[in-house]
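Novice: First the structure, then my questions, so here it is.
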Amino acid sequence: GDPYWPKLADQETHTGQINLRTVSYLDRLTQTSIYLSSFQMANSSSGPLRFESLASFVNVGFWHELVRRKLEVWKLSDEAVALTGAYRMASAQALSSRVSLDADSFSAIDSLSSDRETSKPRLLNRALYPVPGELHNANTVEAFKAMDKGARLNAVGAQLWEDICSGRAEQEPSLLTRLLLVSFADLKKYRFYYWFAFPALRFSTPPQLVRRPQPLAEVLTERQSLSLQAQLDLLEEGPLRFSAMLVLDGEVRIMTLADAGALWDSSCSPSSADFVSVSSVDPQSASSADPVLASSADPISASSADLVSVSSPSSSALTPCTSSPQKVLAFVDPCTRPENPGWPLRNLLHLYQARLCPGAREVRVFALRASAEEPDRVCVANSVCFDVLLPTAAASAAVLGGEAAGDGTVLSSSSIPCPPVVGWETDKKGRLLPRFLKLAATMDPRKLAATSVELNLKLMRWRVMPTLDLGKIARSHCLLVGAGTLGCNLARALLGWGVRHITLIDNGRVSLSNPVRQTLYQFEDCFGADRKPPGAYKALAAAARLQQIFPGVKTCGYVLSIPMPGHPITSANATQVQKEVDLLSGLIDEADVVFLGTDSRESRWLPTVLCASKRKLCINAALGFDSYMVMRHGVRPMPIDDATKSTAATAPASARVAIATATTTTEALPQQTLSNDSTPLQLGCYFCNDVVAPRDSLTDRTLDQQCTVTRPGLSMIASALAVELFVSILQHPDGAQAPADSTPDNVASSTPIPLGLIPHQVRGFLTHYSNLLVVGQAYDKCTACSDVILNEYEKHGFEFLRRAFNDPLSLEDLTGLTSMKEEAAQVDFLTWDSDDEEFDM
């Protein structure tokens, strides 16, 4: 909300009050001079001393930081949280009596349970004066309504009283001005219910003005004014916080409030009336406000209850400064009104009467203010002098619960009850009600979408998985090979887990049969610009649709044909094929994980070889009619050398899923073992179970073989399992080298990591609604990931690939599958021959 003039505390019971209604900010600016002149006319030369109450001025960054801390730090905790606000010294340029808060208002220590001695307010700027306080944030709106807000305020007031009685407030005077914030944050809708209080101790009867406030320049002599200004300027070169002054005939001496208390005269007569406590404070922030929401909880006394009718004392009770030394109580004033002091003076007067000068009635106060030209510097000419009559000693003693001590005895809060506490901020209509703020409409929709998407993920860490590393997931770059039924569902699941970088590869176009199964396409994608087939390229349409679903994701689509064994290349297209190989290789280099979701066996061969060679995590999903298989390919251990260590140290966290813990040992990384075999094994790839090389499976197929004929829900199940497997691998300390788990005897048993088992293969059967966790060893004659294949590729590059594309049987020859099959055939022949001989016998 807009800044507004805060109402003068206790003004409701006074005659001649100004009924200041909430108006627009520009209207308030134009009415300021009229208001001040009217207020001066309404104020007689004597009467109750009215303090301008502090008002919150909250920057939107404060609420964003509150949301962040609620999600990531506090979670379900409802412990009090340390805050520090700040107000400025009054000047023509400053908003009057504003306590500002922003993102920096939160303490580095998120709980007040730590030692209070270590959590002092910070002075960030000498023109800003700290207001320490605490935040109580409820977990539900019902808890906020039911919160005993009066008890919270009284607790802060009791601590304030303890600090006054113990003398701690003299050593750390910023403790005299505090804040309390109770709130509830609706993290889904970015709505905030909140209520500020600036606790102040009530007097039994309100202090009285002896005479009309005077400019300080009219009270001090020219020589005294110059002396005071010089002293203040010197103090401001350092951290000006609180000080005390002794006003002499020709000079002003400044000392700390604690030192002044030690020298205080117990008589405290008008002529020896006072010392100056100059309150300074730390900035912690900035601004915003909004109203509404009635709380059904606690009855809270209005600050107007402070005031009762009191006769004014004689104007001779206090006299202007003379040649005799004088003590003056002073403070840095946030109030810009010429006739009123600011709210910090209230508790300072209690300190004066309860501890520094027990039982004293009369006090002179200097309200130190700045000039418009130098808002960060105390200006004696702009400061104001108030001559104040405090409640009588008997009345003061009644409030304190005992006789006023006239001998300077230190009071004890344990034996003297705390005075009543007031200070709740009113809403824009002047009612004692909490406020209501909606930020969703003011936020960038893209940023709002990002924070909303992250909300459910961060909530997982509140109860279920406190150690879940969402940053590692978000930073992962995922490459999807295939943008069909599997690819679309993979992309949607990755978005749900917070992945923010997805690249898709496909060379197909969207057809009329696709949108019902392939969840990233719509009917319009089936047509070109002329509303006729062919449709849009799948990779491009899918990337664009992901951006529409969530603008915060970085997506890119590539129209790319993957060269395959059994699909020969000629001299005419060899250059184009080599470019496609180079592009695919580069995309795999950039990715942290590769998902294979193509619709043919041979199209998975080249990505498998490239991932194995580059030691990239590869996750494969394949569908049958009513069965599916999801597996992670084994990642070869990386040899240890200086280069590897350097790469592991500088690589992004998500990129290290393939490296995992390879740099921790000079031997192979932790290997999986079969259930009854202690021999370590390297996990196999998609082709390790085959004894034939991949070849053309697309030519000469019937219609049902040309289409992916599966039960419609199967791709969603397989895609979800593939993404969940990937996320589980990321959370495992060994990354891609995590040992493979098999089907447990007890499915309800606990698992070593929060997200559960990390299998090598999941083979599912929809007919029986069952899954098997299978562990398969890498095959030394595999046509895709065996050492001989990888060595040949790394040595000859595209020439090796070209031979494989043109003659898949060359892969069998290279790996020894051909000779193995010949040997097997010979063994079969000998076996049959032996059987025949035995039969003849």
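Novice: Sort 788-798, 753-763 by the packing proxy (mean of other Cβ within 10 Å over each peptide's residues), most packed first.
Specialist: 753-763, 788-798
Novice: Just to be sure I understand: of the beta bridges DSSP finds with both ends in region 420-569, what percent are antiparallel, rounded to 5?
Specialist: Roughly 10 percent of the beta bridges in region 420-569 run antiparallel, per DSSP.
Novice: Tell me, what is the percent relative contact order of region 493-605, built from C-alpha pairs under 8 Å that lie six or more residues apart?
Specialist: After rounding, I find 25 percent.
Novice: May I ask you to evaluate 6.51 cos²θ - 1.76 cosθ + 1.60, the Karplus curve with θ = phi - 60°, for each residue of region 484-496 and list the ³J(HN,Hα) values in order in whole Hz, giving x for glycine and proline?
Specialist: Result, ordered by residue: x, 4, 5, x, 4, 6, 4, 5, 5, 5, 5, 4, x Hz.
Novice: Take the alpha carbon atoms of region 161-233, find their center, do the same for region 516-548, and report the distance between the two centers in whole angstrom.
Specialist: 65 Å
Novice: Please give, to one decimal in nm, the separation of the simple spin-label points placed at ASN456 and ASP444, each 7 Å out from Cα toward the Cβ.
Specialist: 2.4 nm
Novice: For region 501-556, what does the relative contact order come out to in percent, with C-alpha contacts under 8 Å and a separation of six or more?
Specialist: Computed value for region 501-556: 42 percent relative contact order.
Novice: Rounded to the nearest 10 Å², what accessible area does TRP605 have for a 1.4 Å probe in the complete protein model?
Specialist: Roll a 1.4 Å probe over it and TRP605 shows about 0 Å².
Novice: Rounded to the nearest angstrom and ordered from largest down, what semi-axes does the equivalent ellipsoid of region 490-607 get from its C-alpha gyration tensor (root of 5λ)?
Specialist: Semi-axis lengths for region 490-607 are 25, 20, 13 Å.
Novice: Another question about this same structure. Which net charge results for the neighbourhood of MET820, defined as the other residues with beta-carbon distances under 12 angstrom from its beta-carbon, given Lys and Arg at +1 and Asp and Glu at -1?
Specialist: Around MET820, the surrounding residues sum to -3.
Novice: Along the Cα-to-C-beta direction of VAL73, a point sits 7 Å from the Cα; which residues of region 150-172 have their amide N less than 20 Å from that point?
Specialist: No residues fall inside that zone.
Novice: Let me ask another. Below 14 angstrom from the Cβ of ILE562, what's the summed charge of the other residues (Lys, Arg +1; Asp, Glu -1)?
Specialist: -2
Novice: Please list, in order along region 513-529, the HN-Hα scalar couplings obtained from phi with the Karplus expression 6.51 cos²θ - 1.76 cosθ + 1.60 (θ = phi - 60°), rounded to whole Hz, x for Gly and Pro.
Specialist: For region 513-529, the Karplus-derived couplings read 7, 6, x, 6, 10, 9, 6, 9, 10, 10, 4, 5, 6, 7, 10, x, 5 Hz, x marking Gly and Pro.
The values are calculated or read from the model by the stated rules, or taken from the named source; none is laboratory data. From a predicted model like this one, the values you see are computed outputs, not experimental measurements. Methodologically, a virtual Cβ is constructed for each residue, glycine included, from the backbone with ideal geometry; neighbour enumeration extends over all protein chains shown. The protein model used for the area step is the full one, side chains on, heavy atoms only, and it has no ligands, DNA or RNA in it. Shrake-Rupley method; radii C 1.70, N 1.55, O 1.52, S 1.80 Å.
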